[in-house]
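Structure first, then comments.
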Amino acid sequence: MAKKGAQQQLQADIQTDEDLERFMERPGLLVLDVYSEWCGPCQGLVGSLRKIKLEIGGDNLHLAICKSDTISCLKRFNKRSEPIWLFVTGGRAVNLMFGSDVPKLVALLIKELEKTTQKQSRQASYRLDELQPIEVEQQRIKMEAIERAEKAEREIKHKKQMDYLTQVTDSIMENLPDIGVTIFGPQVNRDMFKKLTEPAEALKMQCKDRRIIQVSIDQFEIVNFACKNPMPPDVIEQLDGKELLMCFWKIDESIGTVPNVLMAYANELTKERVAPPNDDIPEEHVIPPLITTMKLKIEVELKEGETWVEEISSEEEARLQMAKSKAKTKSIIHEEAHLAEEEAADLDAEEEASEEETAMPEPGGDAMGGMPSMPGFEIELDAADEAGEDEEEVVEVKEEEPPKPLTRTKTVKMPPIWVPNSRRTHAALIYVFFRSQTSSFLPPDPKPDPPHIIMAFDASKRKEIMHVIDRHKDDVPLYGFFSSAEPDEAEFIASSTDKYESSPHAPTDKIVLKVNKVQSNMMLSLVSYGPSYVSPNVIVGKDEAHKFFPEDYKPQEEEVVVEVEKKKKKSKRATEITQELETAAAAAAAAHPPEPPAPVEAEAPAAEAPAGDDAAAAPAAGEAPPAGDAAPAAEPAAEGTAPEAPPPAPAADAPASEVAPPEAPKEEAPAAEAPAEPEAEAPAPAAADPAPEPAAE
């Protein structure tokens, strides 16, 4: 028992911050095996570590397992699934290793133990909650991998978008070959449309539709599709969120192609025209264009090291700039002359002051008059004055605001009209802004796949997980059973619970879910069952979903299951109906128990019974029972004691000759007028032949 206790003390178990603080007070080298609750400490290397402690470590080496979930300075390790070895001495971390490489760990441990025992100086040490260089490098590699994945995702998304746009624009160009779109700048409003249509009439252009549309930068990315004269980025930036007039034109192709005709139309709108003389102006005069370019001046922050010379876009601005520079030069010369005059006056004042200071004071003068002759006192006053000035300067520096970033003025020219020079770009404009014109031949766009992640659970939890999936089918579109949660190593097993249970499986199997990342209780419900893996983000989740559930993946066939359930329900209903009939027959039999057959000698007296006493009289041999006794006759057929059921009872108003045989007495005819029992107690359908008569003895 003592030996077992000694072995237990070779490795301390640290669960809280207080336990770690006490353990850190031990001298020598401390080796911490950091683990998480869902991934326990490494057991494979415990023997090697204990051997080193017993052979060469002794009191200079201390081992411990630390639970990162409950220790604040080790929180960053609580999601790692690999062994983590943290080397600590003097309250500071000196090294860190990830993994279960035994030779590497032993070599590193011996090296750090020698440095600790020999008290060698170390290049660096770190706090326990501080990232070490190996962690910084891992984070850098991880961020680069994420950036590469995001870039690849953007490229794939862009390629898909371009392929789809190519397909869509092909269809639009085929079905609308003579249609084009023009986009007017923000300086053109709806009220100007009448003037804009005048040049269009000469070019045989017809405006089929026009709209004021608020355009975003994302839409302009599609607008510039396959365009050789795209809008400049600074113009698109200024048009973001602005309302623009767009016109949908039908072009007469006999005049020219769609881009050429619209270019001619734009030229007519933006060129100056010469008008002939009229009553007001006797000479030819120039008429300004209908729409002109608008110049916007915006302030842009200067980047570090960037120099900027303000743009001069006209001769007038150049002249103004020159005038400003000349005025500035004159003001500088004037200021310099004024400063020279002030300096000369200051020099004269200083010379006069120095002459007064060197003069001897008059005898019998005021005692204070001798203060200039006391150099020590004068120095102290000057020092006090300088110190006060310094304090004021310090206060002024503290009150200064941080310098504002340097900015420059930039002029952006907004074109009054933009016409793409490619038919495919016109088709893209129609697709984005005039989609209603394509409803007759273009199918609706496919709904984008919502952002999603992968969640994996142990297959043993499949019943609980399936309950959540049934409640949130829209948010869990796909699931399946795999041999592992690693998408590159997992092998597909089954696409449904029934198929999985009927196929061979192992305890390590996983049920993998494609989960839409939505703000609902569904995510919380799934997390409560303890997933073994969750995608770190939607980008990685999308890539993993493609690996687990490729395009040819076939989910569970729900239609077949529904048909089977319907058949089961139908057979169950038939069984219930049969049971109800049997119960009704048994109740009828209990209400009218069968009577034993009467002997032959009793036949005559039975025939002489009064007609009114039909409730107590038994039917004679060879006679059909009255209508009131039909239910008791049905019980033998229900219980299987008689081969055939009696014929159905006649109606109450039927004559007696149709009911009884010829030997039946006429006095029993009134018995047929007895009230019949309800139809609920009617016997089952009878056979065609009547019941056989008992043989005479």
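Values as computed for the structure displayed
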| item | result |
| --- | --- |
| The range 223-265, Rg to Rh (Cα coordinates; Rh as Kirkwood inverse mean 1/r) | 1.05 |
| Over 30 Å between alpha carbons, listed pairs 142/514; 204/297; 157/228 | 204/297 |
| Amide H contacts of residue 78 (H built 1.01 Å from N, under 5 Å, at least 5 apart or other chain) | none |
| Under 25 Å between alpha carbons - lysine pairs in the range 49-119 that sit 8 or more apart or on different chains | 17 |
| Simple spin-label estimate for residue 111 and residue 524 in nanometres, 7 Å along Cα-Cβ | 5.0 nm |
| Gain upon complete extension [residue 70, residue 26; 0.36 nm per residue less C-alpha separation] | 13.7 nm |
| Segment residue 436-residue 187, extension gain: residue separation times 0.36 nm, minus the distance between their alpha carbons | 87.0 nm |
| Packing rank of 533-542, 233-242, where each peptide gets the mean count of other beta carbons within 10 Å, highest leading | 533-542, 233-242 |
| GluC sites (Glu not before Pro) within the range 450-559: DSSP coil, no more than 13 neighbouring Cβ in 10 Å | 489, 491, 551, 557 |
| Per residue solvent-accessible surface (Å²) - the range 35-105, probe of 1.4 Å | 47 Å² |
| Radius of gyration, Dmax [the range 60-122; alpha carbons; angstrom] | 12.6, 36 |
| Residue 411/residue 144 FRET efficiency (R0 45 Å; Cβ-Cβ; nearest 0.05) | 0.65 |
| Segments 134-141, 259-266, 12-19 sorted - mean Cβ within 10 Å per residue, highest first | 259-266, 12-19, 134-141 |
| Inter-centroid distance (Cα atoms) of the range 176-195 relative to the range 62-130, Å | 70 Å |
| Stretch gain in nm, segment residue 163-residue 267, where the contour uses 0.36 nm per residue and the Cα spacing is subtracted | 34.1 nm |
| Distance (nanometres) between label positions extended 7 Å along Cα→Cβ at residue 421 and residue 13 | 7.9 nm |
| Förster radius 25 Å - calculated FRET efficiency between residue 178 and residue 298 (Cβ-Cβ, nearest 0.05) | 0.05 |
| Mean Cβ neighbour count within 10 Å, used as a protection proxy, ranking 421-432, 95-106 highest first | 421-432, 95-106 |
| Inverse of mean 1/r across different Cα pairs in the range 206-302, Kirkwood, Å | 16.9 Å |
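The values are calculated or read from the model by the stated rules, or taken from the named source; none is laboratory data. It should be emphasised that the depicted structure is a prediction, and the values quoted were computed from it without experimental measurement. Positions of Cβ are generated from backbone atoms using ideal geometry, with glycine treated the same way; all protein chains shown enter the neighbour counts. In case anyone asks, the SASA skips ligands and DNA or RNA and just uses the protein heavy atoms, side chains included. Shrake-Rupley method; radii C 1.70, N 1.55, O 1.52, S 1.80 Å.
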